[in-house]
1. Please report the projected area of segment 97-156's Cα convex hull averaged over all directions, in nm².
2. Which whole-number value in Å² is the accessible area per residue of the chain, probe 1.4 Å?
3. Which percent of the accessible area of the chain is formed by carbon and sulfur heavy atoms (probe 1.4 angstrom)?
4. Could you list, in their original order, any pairs among LYS57/LYS111; LYS38/LYS108; LYS35/LYS151; LYS120/LYS151; LYS43/LYS138; LYS35/LYS109 whose Cα atoms are separated by more than 29 Å?
5. Per the Kirkwood treatment, what hydrodynamic radius in Å, one decimal, follows for the chain from the mean inverse distance over all distinct Cα pairs?
6. How much solvent-accessible surface does ASP27 expose, in Å² to the nearest 10, with a 1.4 Å probe and all protein chains in place?
7. In nm, give the distance between the simple-model label positions of LYS108 and LYS138, each being 7 Å from the Cα along the Cα-to-Cβ direction.
8. Per DSSP H run of n ≥ 4, the term is -39500 (n - 2.57); total these for the chain, divide by its residue number, and report the mean residue ellipticity at 222 nm rounded to 500 deg cm²/dmol.
Amino acid sequence: MRVILCAMAALFIAVASKVNAEDVAIDKLPKAVTKSVKKRFPKGEMSSASSDTVDKKTTYEVTLKSGGTTFDVNINADGTITGMEKEVAIKDLPKAITDAVAAKHPNKKMKKGEEVISVKDGKETLEYYEVFVEIDGKDVEVEVLPDGKLKPMDKK
């Protein structure tokens, strides 16, 4: 339970960061951030970054492509990766995930999928999937646990 709460807190910070984020040039990122991203994604190509400061703690989100896949990496100023989102083609999502989304939003087009991964002590754990569905011209996010159940906090 504690791990899940920590992951949720990290993801909350990541979401909050997107709201108040400031763009950061890749060459202006702290060395610890760049070094950590390059270590985890040695063939990755960073394309954009942003920062946010909450309670005097600065966090970064770095977007990169590695092996043809897009990642958004959440990372502390000291270089500690706390989480990431990995793009997944709809056709490559597990059947349990697409079935859950189809049951929630029948006959709606699934546009984009992501794995939401928490990172604790260097260990990456798949927490849930985000699937974006087009409803009335807007993208609606549906969060689904790996077992195919909707996340309890999902109110969409």
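The values are calculated or read from the model by the stated rules, or taken from the named source; none is laboratory data. Since the model is a prediction, treat every value here as computed from it, not as a measurement. When we count neighbours, we look across all protein chains shown, and the Cβ atoms used for this are built from the backbone with ideal geometry, even at glycine. Side chains are part of the model used for accessible areas, which takes the heavy atoms of the whole protein and leaves out ligands, DNA and RNA. Shrake-Rupley method; radii C 1.70, N 1.55, O 1.52, S 1.80 Å.
1. Average projection, Cα convex hull of segment 97-156: 4.3 nm².
2. It amounts to 62 Å² per residue over the chain.
3. The computed percentage sits at 53.
4. Result: LYS57/LYS111; LYS38/LYS108; LYS35/LYS151; LYS43/LYS138; LYS35/LYS109 exceed 29 Å.
5. 16.3 Å
6. 120 Å²
7. 1.0 nm
8. Counting only the DSSP helices, I get -8000 deg cm²/dmol.
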